[in-house]
Amino acid sequence: MIANPSDVRNLLESHYFLFAFLSSLGTLQIAVTGSGIRALWLTPYRRVTRWLGFVCIITGVLFFFGQPLFVDGPWAAGSVQADSTTRAWGVASWDELAGARNVNDIHGGLDGVDQAIWFSLAAIIAFSVSVVFGALSIKANTKELRVDAKLDDDDIDGLAGLVHRSYFSNLPISVRNFRLEARKFWRDGVRSADRWSLIKIISGGSNQ
């Protein structure tokens, strides 16, 4: 059976999306456990969450590159070394595994734009999953975190706030503080800059 480009593209898109999702999720978990941002942990426990991150990355890599061995696709044994237009549909052999996914984009492979779109979508979903599970993780550790007085400090926002609060609880505080800081900067910063305006300096109107 000759591989149909549309079938090839649909198959590769689903495989690449899962690979990008697991890799993004795993990388994010390793990063947030290292920095202590509990609001994005998949579990309430640092060590478990970190190991889960490594498992996600390894699973994604093995799944993506090893899948041609047990899933039918445009990499049937004996056809991988042939031109993309003559790829046969089937399971790849070990000898041809390295080139199994090397399919030209005009024959159903993923070009750079497709990869960028699917990777971005996978990364966003991985972050969203981390936010949801992180909220549950924070809730499970509420009693432990309440011992820390910083939990109720509204001056702590942004990434620092995610150490003690869920993303949903931290976002309104961060937005409010950002607005206050923006107003303060606009009021004081612009006024300070106006004192040093070239026209005032030349005319002697500057107070400095």
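Of Gly34, Gly109, which residue is small (Gly, Ala, Ser) and surrounded by 14 or more Cβ atoms within 10 Å (Cβ to Cβ)? Show your work before the answer.
Working: Gly34 fails: surrounded by 14 or more Cβ atoms within 10 Å (Cβ to Cβ).
None of the others qualify; the one that does is Gly109.
Applying the condition of being surrounded by 20 or more Cβ atoms within 10 Å (Cβ to Cβ) and closer than 17 Å to Ile106 by Cα to region 75-90 and asking which residue is modelled with the highest pLDDT yields Trp75.
Is it true that some residue in region 115-123 is in contact (Cβ under 8 Å) with a residue 12 or more places away in the chain and either surrounded by fewer than 15 Cβ atoms within 10 Å (Cβ to Cβ) or over 30 Å from Leu42 (Cβ atoms) (or both)? Give the steps one after another, and end with the answer.
First, the residues of region 115-123 that are in contact (Cβ under 8 Å) with a residue 12 or more places away in the chain: 115, 118-119, 121-123.
Those still in the list that are either surrounded by fewer than 15 Cβ atoms within 10 Å (Cβ to Cβ) or over 30 Å from Leu42 (Cβ atoms) (or both) too: 121.
Within region 115-123, one or more residues are in contact (Cβ under 8 Å) with a residue 12 or more places away in the chain and either surrounded by fewer than 15 Cβ atoms within 10 Å (Cβ to Cβ) or over 30 Å from Leu42 (Cβ atoms) (or both).
Checked against (1) over 20 Å from Ser23 (Cβ atoms); (2) hydroxyl-bearing (Ser, Thr, Tyr); (3) within 29 Å of the chain's Cα centre (by Cα), Ser79 passes all but condition (3). Taking the listed residues Ile156, Ile173, the one that is more than 25 Å from Leu52 (Cβ to Cβ), modelled with pLDDT of 65 or more, not in a helix (DSSP H, G or I) and not assigned by TED's automatic domain parsing to the domain that holds Thr33 is Ile156, with no other qualifying.
Please indicate, with yes or no, whether at least one residue in region 24-45 is assigned to a helix (DSSP H, G or I), farther than 18 Å from Leu121 by Cα, among the β-branched types (Val, Ile, Thr) and free of Cβ contacts under 8 Å to residues at least 12 places away in the same chain. Within region 24-45 (the criterion being assigned to a helix (DSSP H, G or I), farther than 18 Å from Leu121 by Cα, among the β-branched types (Val, Ile, Thr) and free of Cβ contacts under 8 Å to residues at least 12 places away in the same chain), the answer is no, since none of the residues qualifies. Can you find even one residue in region 48-60 that is outside any helix (DSSP H, G or I), surrounded by fewer than 18 Cβ atoms within 10 Å (Cβ to Cβ) and not acidic (Asp, Glu)? No, every residue in region 48-60 fails to be outside any helix (DSSP H, G or I), surrounded by fewer than 18 Cβ atoms within 10 Å (Cβ to Cβ) and not acidic (Asp, Glu).
The values are calculated or read from the model by the stated rules, or taken from the named source; none is laboratory data. Keep in mind it's a predicted model, so treat the numbers as computed, not measured. Note that we place each Cβ from the backbone using ideal geometry, even for glycine, and neighbour counts take in every protein chain shown.
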